[in-house]
Amino acid sequence: MDERTVRLQVAAARQEESGQGIARMSRAALSAIGALEGDVLEITGKSVTVAQAVLAYPEDEGLEVIRLDGLQRVNAEVGSGDHVTVRKGESRPAQRVVFAPAQREMRLQGPPVALKRNFSGRPMVQGDLVATTGQQQVADIPPQLRRMFNAPAYALTQIRLNVVSTTPRGIVHIDENTEVELREVFEEAEARRGDINYDDVGGMGDTIRQLREMVELPLRYPELFTRLGVAPPKGVLLHGPPGTGKTRLAQAVANESEANFFSINGPEIMGSGYGDSEKALREVFDEATKAAPAIIFIDEIDSIAPKRSQVHGEAEKRLVAQLLTLMDGLNSRAHVVVIAATNRPEAIDEALRRPGRFDREIVIGVPDESGRREILAIHTRGMPLGDKVDLKELARTTHGFVGADIAALAREAAIEAVRRIMPQIDLEARTIPPEVLENLSVTREDFIEALKR
Ligand code: ADP
C-alpha cells in the first residue's frame, strides 16, 4: 500500500460529469501519490470515499484542487472549498454488493443486470451514495406512463443508490462474478443524503457562490462569524420568475450545509383559519430553532407579507407583524437562516427588508443559453440519448424557457420515446422484454415532438 498522500481543495465537478464516480486532479498531484489515470483514489474528508482518477481539466493544471461531484462531497462529508486528503487506493473484486434506493418515490424492481453492467469496475465502499450513469435502469415510472404500461418500466433518468453493504468490506468493485442485490425498500435515513445538491441546480454558478457565502458558511462554520464579531445574515430574499429553481436552490443549500430544511408555502398558510396562520408560522420557527442548524424556506412570501399599507384585512396585517416578530426573535447565533422566494419583490412589506431581517437579496433570472445547456444536462442525466441529440442545439432553440420548462421538455421527450416502442410491448405481460429496453433511447425527433407540445 502506497502511503503517500496529498492534501487538495475540493471544487465542484462539471454538471455533465456528475454521478460518474470520477475525480479529477492534476498530473502533479497524481504523481505525488504514485497514481495514474484510472487508478483508485481514496479520498478522506470527515468520511472516506473512493473515486476513479481522471486528469484535471487544462485550466486546473497547477492548482491544488480535486473536482468532486455532489454525491462524492456528501460521501466524504465535505463542501466545495474544504480540504481532503487523497491517496492511491486498491480495490478488490466484490463477492457481493447490496444496493438500496436513496431517493424517495422510487421503487426499483427486477433483476439488477443493468446495475451490474453500469457499475462494473467502479470502485465503491459501503455507505457510499452512487449514481447510475449509463442506460436503462429498471425503475418505477411517472404516473402518465404507469397508466400506459401497467407494469414496471425503465427510468429514463439517473438514479441514486446507497451501497448498503459489500463483501468483502473495504474498497471493492463489481465484476462478472459479483452477486448484486437490489433492495426495493428505500432507506429513510438516506433520503437527505441522496437528495438535491448543487449539481442538480443548473445555470446558477454565481448565485450558488453568493448563497453559499451568505448561508452555508455561517451555518457550517459559525465560529468564523463569532470570531469576526459580525452577525451572519438571518434572511435572504430570492426573487425571480416562477420555475427558475428557487425552491430547488434552497433545498440544495440546506443539504450541502447539512442543515435541516423546513418549508412554508405562503398561499397555503394563508388559507388556514383565524389565528391558525400565525400559529403555523410560529410552530415552524420553533421547530427549526430546535433542529438547528436549519433553513426555513418561505415560498411566495408576498402572499403572507404584502405591504401593510395596501392590505385591508386585519388578519393579513397580523400575519406580517407575526413574521417580523419571529425574524427579530431569531437569535443570530441560533443557526437558523430564513430564505424567502417571491416573483413580486415590490409587493412585499418594506419592513421585512430592513437590516436584521431579509437584508440580502439575490436575483434569479431566466437562464441564458449556457444555463439552459446545464439544466438540460441535469434533466437528461442518465437518459439513454440517441446519437443525434445535441444539447447545445436544444439550448439554443429553447430561448425563454425556465428550468421548470426544461424539466418538462425532458420528461415529454422520454414519454415520446416510450410511445414509439409501445407497439412492441405486450400489454398483458407484467414486464417489458429486455431487448426492447436495451434499444430504448430518447432521440432528437422525440425532443422535437416534445417541443411542439
Ligand atoms: P421556483 O421555486 O423558482 O418556482 P422550482 O425550484 O420549484 O422553481 O423549480 C421547479 C422544477 O423545475 C424543479 O423541480 C426542477 O425540476 C426544475 N428546475 C427549475 N430551475 C432549475 C434549475 N436551475 N436547474 C435544474 N432544474 C431546474
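Every read-out reported here was derived from the displayed coordinates using simple, explicitly stated rules and does not represent laboratory data. Since the structure is predicted, the reported quantities are computational estimates derived from the model, not experimental observations. So basically every Cβ, Gly included, is an ideal-geometry build from the backbone, and we count neighbours across all protein chains shown.
Values as computed for the structure displayed
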read-out	value
Ellipsoid equivalent to segment 318-369 - semi-axes via the Cα gyration tensor, in Å	24, 15, 9
Efficiency of FRET between Glu346 and Lys388 - r from beta-carbon atoms, R0 41 angstrom, step 0.05	0.35
Phi to ³J(HN,Hα) by Karplus 6.51 cos²θ - 1.76 cosθ + 1.60 over segment 198-204, Hz, x for Gly, Pro	4, 5, 9, 10, x, x, 10
Residues Val284, Val338 arranged by fewest to most Cβ contacts within 10 Å	Val284, Val338
Dipole moment magnitude, nearest 20 debye, the chain about Cα centre, only Lys, Arg, Asp, Glu C-beta charged	420
Fraction of beta bridges assigned by DSSP in segment 256-378 that are antiparallel (%, nearest 5)	10
Net charge of neighbours whose Cβ lies under 13 Å from the Cβ of Arg14, counting Lys and Arg as +1 and Asp and Glu as -1	-3
Using θ = phi - 60° and Karplus 6.51 cos²θ - 1.76 cosθ + 1.60, couplings along segment 247-256 (whole Hz; Gly, Pro as x)	5, 4, 4, 4, 5, 4, 4, 4, 5, 6
Hull volume in cubic angstrom per residue (convex hull over the Cα atoms of segment 214-302)	103
Reach of Lys234 by Cα under 24 Å, taken over lysines that are not fewer than 8 positions away in the same chain	Lys246, Lys279, Lys290, Lys307, Lys317
Within segment 175-294: Cβ-based charge dipole about Cα centre, in debye rounded to nearest 20 (Lys, Arg +1; Asp, Glu -1)	980
Value in Å of the Kirkwood radius, where segment 332-453 supplies the Cα pairs that are averaged	17.7
Virtual spin-label span in nm between Ala291 and Glu90, 7 Å along Cα→Cβ	4.5
Residue-by-residue Karplus 3J(HN,Hα) for segment 68-83, coefficients 6.51, -1.76, 1.60, Hz, glycine and proline x	10, 7, x, 5, 5, 5, 5, 4, 8, 6, 9, x, 4, x, 6, 9
Column: log10 I(q)/I(0), Debye, Cα scatterers of segment 266-374, q = 0.11, 0.15, 0.19 Å⁻¹	-0.38, -0.67, -0.99
Dipole moment magnitude, nearest 20 debye, segment 226-313 about Cα centre, only Lys, Arg, Asp, Glu C-beta charged	340
Per-pair calculated FRET efficiency, R0 = 60 Å: His312 and Leu63 via Cβ, rounded to 0.05	0.55
√(5λ) per eigenvalue of the Cα gyration tensor, the chain, largest first, Å	39, 30, 20
Given charges at Cβ of Lys, Arg, Asp, Glu: the chain dipole, positive-most of Met214, Gly79, Phe358	Phe358
Extension gain, Gln424 back to Arg27 (0.36 nm per residue minus Cα-Cα distance, nm)	138.0 nm
Between helix 314-329 and the chain: long-axis angle, C-alpha atoms, 0 to 90°, nearest 10	70
Residues whose placed amide H lies under 5 Å from that of Gly89, excluding near-sequence neighbours	Val40, Leu41, Glu42
Rounded to 5, the percent of DSSP beta bridges in the chain classed as antiparallel	45
Separation of the Arg169 and Glu184 label points, Cα + 7 Å toward Cβ, nm	3.1
Built amide H within the under 5 Å cut-off of Ile362, gap 5+	Leu237, Leu238, His239
Centroid-to-centroid separation of segment 276-328 and segment 343-380 [C-alpha atoms, Å]	20
Residue-averaged [θ]222 nm for the chain, counting only DSSP H segments that reach four residues, each worth -39500 (n - 2.57)	-9000 deg cm²/dmol
Two-site FRET efficiency, Phe225 against Leu36, from Cβ-Cβ distance with R₀ of 60 Å, rounded to 0.05	0.90
Cα-based equivalent ellipsoid of segment 191-345: semi-axis lengths in Å, sorted from largest, via gyration tensor	26, 19, 14
Inter-probe distance in nm under a simple model that places probes 7 Å from Cα toward Cβ, at Ser120 and Arg444	3.0
